[in-house]
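The structure appears right after this line, and notes come after that.
The values are calculated or read from the model by the stated rules, or taken from the named source; none is laboratory data. Keep in mind that this is a model prediction, so the values were computed, not measured. Cβ coordinates were reconstructed from backbone atoms using ideal geometry, including for glycine residues, and neighbour counts include every protein chain displayed. With ligands, DNA and RNA removed, areas are computed over all heavy atoms of the protein, side chains included. Shrake-Rupley method; radii C 1.70, N 1.55, O 1.52, S 1.80 Å.
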Amino acid sequence: MVATLNRWLPLLAALALAALPAVLSPYLQDLVLRVMVLAVFALSLELLVGTTGLVSLGHAAFYGIGAYATVKLSPEFEAGNLLLLLPAAMAAAGVYAAAVGALSLRTKGVYFIMVTLAFAQMAYFVVHDTKAGGGTDGIYLNLRPVLALGGQTLINLDDKRSMYGLALGALVATYALLALLRRSRFGHALAGIRVNEQRMRAAGFSTTLYKWAAFVLAGMLAGLAGFLVAAKDGFVNPEMLSWHESGAVLLVIILGGLGHLRGAVIGAIGFVLLKEALSTPALVGHVLAERWQLTLGLAVMACVALMPKGLIGLARRKESGS
Amino acid sequence: MDLATFAVQCLNAVQYGLLLFLVASGLTLIFGIMGVINLAHGSFYMLGAYLAFGLAPLFGQNFVLMLVCGTLLAALFGYLLEWAFFSYLYQRDHLQQVLMTWALILVFEELRSMLVGNDVHGVKAPDWLAGTVALGELMTYPVYRLFASLACLAIGAALWFTVNRTRLGMMIRAGASNRDMVRGLGIPITWLYRVVFAGGVALAALAGMIAAPMSSVYPGMGGHVLIVSFVVVVIGGIGSIPGALVAALLVGLVDTFGKVFFAELSGIGVYLLMAVILVWRPEGLMRKGW
């Protein structure tokens, strides 16, 4: 009974999320929207770290490139077309991921962590230092993308409900895609690589090609998250590509629990709520709320130290205990 | 570009490279021996810069004495930090080390903001290091930059001597290649780690103190230096001190001349260099060794 429920849980959660806007205040709806976008981003990294065993510290580059592509490709005086902008953002992130993956997958372990970090810095400096990237201040998106067919506007992301719907759709699609992928031959090969790459190569798999494919797919999904953020916030800035952002999303999947798709989603919920709680004066007082980075840092240390298996590990422990 | 400008830029490149080498050698020491990925290393560089800002007025013209005192303070801080925090990270995997030290940066940045605020400060070099000096008939060069280069060279030489010619260095090298063997031989490895970590912190802080009169002291200054010194370590080959030296000089050259020739995109020059070198040699320029 529990096992069956467990299996249908993601679907129930998706239905609940779809029903939420009807009952939530605008503030809470916005909070859920932030969680969903972060969850897409975290899921994309989970494919690399949890499934394939590649620890990347430069994942924010693809997220940022997706967001910047969205803004740069939007026409200046009219709303951009969702059907063009969304694939374009994912493609831009995917192209950079293809190049970075081809180069950085020649290295392993610690080298890989540092090389992905350095390639992300490269992208960061391009948007930070050139006029095209708008410098430190970033760039504004004048009009949010719309989906129009035959003169009829079907989806306008200026509308909060539509934005929420699109983010939910993206989250469900990403989750479903990754869930299918993990059950596929490709996914099993990736899991094999995580456990023992040597053996997989001996068994005849061209492991570098598999890892590269996973890297590019993860980059494209991060680009999708970037598109969602650009459309949601209406502006982009270089900090989206910074290594603090890469560290934060790495934290999200570890906080939730590595190796499980729902871990990434739970981690996104935990991280957004934690950050929100620590920076809300009403909850922690003015002094601490102003110093939320300090408390967040300490909270992160405590989480990593006390819950090496993440939030999902807590639930498992309780389950097996009872 | 005429010859004089070219020569000045070359000296600048070497000076920047040597400074990076100090930071990167601290990183290599901590990583090579203890196997901890320390993202907070840039914070130690920042600590040094703020130490210089705080100590310089107290010491006046005794700049060298200030560097010594600052280094000792930083080493003490490193010793305590290892005892309180880093000693718990050795048994953890790289992923958790990345996160723990990433969180440590948040804490350090906020503590800095609480203690000294978010203003940008300058540090004044003492009078005897101010001004410029004529080098041959061709050019003049700032005295302080010459002092910085020579100081870095001297510290580098002292580091090389310590690691290669002293008993402590012998234990460090042994610890880097086989820590279980070292423990088996009865060498107090816990103490050794603590000393090495303090040394790594001291090197980064020393670099920060030397850099302070040349560049301003500002929030977030550790981040940039951290990433560039990671690049140096990766290009040089992780755990190789000579590799770090060669890589640091290369990075210094690329960065300095990149700023001269391609002002707008100079930021990525260093990372392009890294990409090219890693395509050629995925394990970096040199093998682990001293």
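Would you mind finding the one in A:A225, A:A189, A:A213, A:A218 that is assigned to a helix (DSSP H, G or I) and either within 14 Å of chain B (Cβ to nearest Cβ) or farther than 19 Å from A:V100 by Cβ (or both)?
Exactly one residue qualifies, and that residue is A:A189.
Have a look at B:G252, B:G237, B:G222 and point out the one that is of a type in the set (G, A, S), closer than 25 Å to A:G247 by Cα and touching a Phe, Trp or Tyr at 6+ places or on another chain (Cβ under 8 Å). Explain how you work it out, then say what you get.
Numbers: B:G252 fails: closer than 25 Å to A:G247 by Cα; B:G237 fails: touching a Phe, Trp or Tyr at 6+ places or on another chain (Cβ under 8 Å).
After applying the criteria, what remains is B:G222.
Confirm whether A:L38 is modelled with pLDDT of 95 or more, buried (at least 19 other Cβ atoms within 10 Å of the Cβ), under 12 Å from the mean Cα position of the chain (by Cα) and away from every other protein chain (no Cβ under 14 Å).
Against the criterion (modelled with pLDDT of 95 or more, buried (at least 19 other Cβ atoms within 10 Å of the Cβ), under 12 Å from the mean Cα position of the chain (by Cα) and away from every other protein chain (no Cβ under 14 Å)), A:L38 qualifies.
Across the range B:265-287, which residue is modelled with the lowest pLDDT among those that are within 8 Å of chain A (Cβ to nearest Cβ) and open to solvent by 30 Å² or more (accessible area, probe 1.4 Å)?
If we take residues in the range B:265-287 being within 8 Å of chain A (Cβ to nearest Cβ) and open to solvent by 30 Å² or more (accessible area, probe 1.4 Å), then B:L265 is modelled with the lowest pLDDT.
Conditions (1) in contact with a Ser or Thr (Cβ under 9 Å, 6 or more places away or on another chain); (2) within 14 Å of another protein chain (Cβ to nearest Cβ), marked per residue:
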| site | (1), (2) |
| --- | --- |
| B:L39 | yes, yes |
| B:A49 | yes, no |
| B:A56 | no, no |
| B:Q61 | no, no |
| B:C69 | no, no |
| B:D93 | no, yes |
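Pull out all pairs, ordered by first then second residue, where Cβ-Cβ is under 9 Å, the residues are six or more apart or on different chains, the first lies in the range B:105-116 and is more than 7 Å from every other protein chain (Cβ to nearest Cβ), and the second is aromatic (F, W, Y) and open to solvent by 20 Å² or more (accessible area, probe 1.4 Å).
B:R112/B:Y50; B:L115/B:Y50; B:V116/B:Y50; B:V116/B:F53
Residue check: is A:A102 within 14 Å of another protein chain (Cβ to nearest Cβ), surrounded by fewer than 19 Cβ atoms within 10 Å (Cβ to Cβ) and in contact (Cβ under 8 Å) with a residue 12 or more places away in the chain?
Criteria met by A:A102.
Without any contact (Cβ under 8 Å) to a residue 60 or more places away in the chain and buried (at least 24 other Cβ atoms within 10 Å of the Cβ): which single residue out of A:V127, A:V110, A:V95, A:V115 fits that description?
Answer to the selection: A:V115.
Which residues, taken from the range A:50-70, are open to solvent by 10 Å² or more (accessible area, probe 1.4 Å) and over 18 Å from A:A173 (Cβ atoms)?
A:G53, A:L54, A:V55, A:I65, A:Y68, A:A69
Among the residues of the range B:255-264, what is the count of those that are away from chain A (no Cβ under 13 Å) and not polar (S, T, N, Q)? Please lay out each step first, then the result.
Looking only at the range B:255-264, we keep the residues that are away from chain A (no Cβ under 13 Å), and these are B:256-257, B:260-261.
If we keep only those that are not polar (S, T, N, Q) too, we end up with B:257, B:260-261.
Adding up the residues that qualify gives 3.
For A:A148, state whether it is at the interface with chain B (Cβ under 10 Å from one of its Cβ atoms) and out of contact with any strand residue (DSSP E or B) (no Cβ under 6 Å at 6 or more places or on another chain).
Working: at the interface with chain B (Cβ under 10 Å from one of its Cβ atoms): no; out of contact with any strand residue (DSSP E or B) (no Cβ under 6 Å at 6 or more places or on another chain): yes.
For A:A148, the condition - at the interface with chain B (Cβ under 10 Å from one of its Cβ atoms) and out of contact with any strand residue (DSSP E or B) (no Cβ under 6 Å at 6 or more places or on another chain) - is not met.
Just wondering, is there one or more residues in the range B:264-287 that are within 17 Å of B:L19 (Cβ to Cβ) and among the hydrophobic types (A, V, I, L, M, F, W, C)?
Among the residues of the range B:264-287, at least one is within 17 Å of B:L19 (Cβ to Cβ) and among the hydrophobic types (A, V, I, L, M, F, W, C), which makes the answer yes.
Based on this model, can you work out whether B:P242 counts as within 14 Å of chain A (Cβ to nearest Cβ) and either open to solvent by 20 Å² or more (accessible area, probe 1.4 Å) or not in a helix (DSSP H, G or I) (or both)? Break it down into steps so the answer makes sense when it comes.
Details: within 14 Å of chain A (Cβ to nearest Cβ): no; either open to solvent by 20 Å² or more (accessible area, probe 1.4 Å) or not in a helix (DSSP H, G or I) (or both): yes.
No.
A:Y164 versus (1) under 18 Å from the mean Cα position of the chain (by Cα); (2) closer than 19 Å to A:W243 by Cα: which is the lone unmet condition?
Every condition holds for A:Y164 apart from (2).
Looking at B:L226, B:L245, which one is over 18 Å from A:Y111 (Cβ atoms), out of contact with any Ser or Thr (no Cβ under 6 Å at 6 or more places or on another chain) and modelled with pLDDT of 85 or more?
On inspection, the qualifying residue turns out to be B:L245.
Pull up the range A:130-162, narrow it to residues that are more than 17 Å from A:G234 (Cα to Cα) and of a type in the set (S, T, Y), then point me to the one that is least open to solvent (accessible area, probe 1.4 Å).
A:T130
Among the numbered criteria (1) at the interface with chain B (Cβ under 10 Å from one of its Cβ atoms); (2) in a helix (DSSP H, G or I); (3) not charged (D, E, K, R), which one does A:A173 miss?
Here A:A173 meets the rest and fails (1).
Within the range A:256-293, track down each residue that is facing chain B (nearest Cβ under 9 Å) and either under 25 Å from A:Y27 (Cβ atoms) or in contact with a strand residue (DSSP E or B) (Cβ under 7 Å, 6 or more places away or on another chain) (or both).
Those that are facing chain B (nearest Cβ under 9 Å) and either under 25 Å from A:Y27 (Cβ atoms) or in contact with a strand residue (DSSP E or B) (Cβ under 7 Å, 6 or more places away or on another chain) (or both): A:R291, A:W292, A:Q293.
Restricting the range A:169-198 to residues that are within 15 Å of A:L82 (Cβ to Cβ) and of a type in the set (A, V, I, L, M, F, W, C), which is farthest from the chain's Cα centre (by Cα)?
Looking only at the range A:169-198, we keep the residues that are within 15 Å of A:L82 (Cβ to Cβ), and these are A:169-170, A:173.
Next, from what is left, pick out any that are of a type in the set (A, V, I, L, M, F, W, C): A:170, A:173.
On the way: A:A170: 11, A:A173: 13 Å.
Once the filter is applied, the top-ranked residue is A:A173.
Check A:M301 against each of (1) within 23 Å of A:N6 (Cβ to Cβ); (2) free of Cβ contacts under 8 Å to residues at least 40 places away in the same chain; (3) among the hydrophobic types (A, V, I, L, M, F, W, C) and name the one condition it does not meet.
So A:M301 meets the others, but not (1).
With A:V272, A:V249 as the choices, which residue is touching a helix residue (DSSP H, G or I) at 6+ places or on another chain (Cβ under 8 Å), surrounded by 24 or more Cβ atoms within 10 Å (Cβ to Cβ) and either assigned to a helix (DSSP H, G or I) or modelled with pLDDT of 90 or more (or both)? Steps first, answer last, please.
Values: A:V272 fails: surrounded by 24 or more Cβ atoms within 10 Å (Cβ to Cβ).
Only one candidate passes the filter, namely A:V249.
Of the conditions (1) open to solvent by 10 Å² or more (accessible area, probe 1.4 Å); (2) within 12 Å of chain A (Cβ to nearest Cβ); (3) of a type in the set (A, V, I, L, M, F, W, C); (4) within 18 Å of the chain's Cα centre (by Cα), B:L250 satisfies every one except a single condition; which number is it?
Just one mismatch for B:L250, condition (2).
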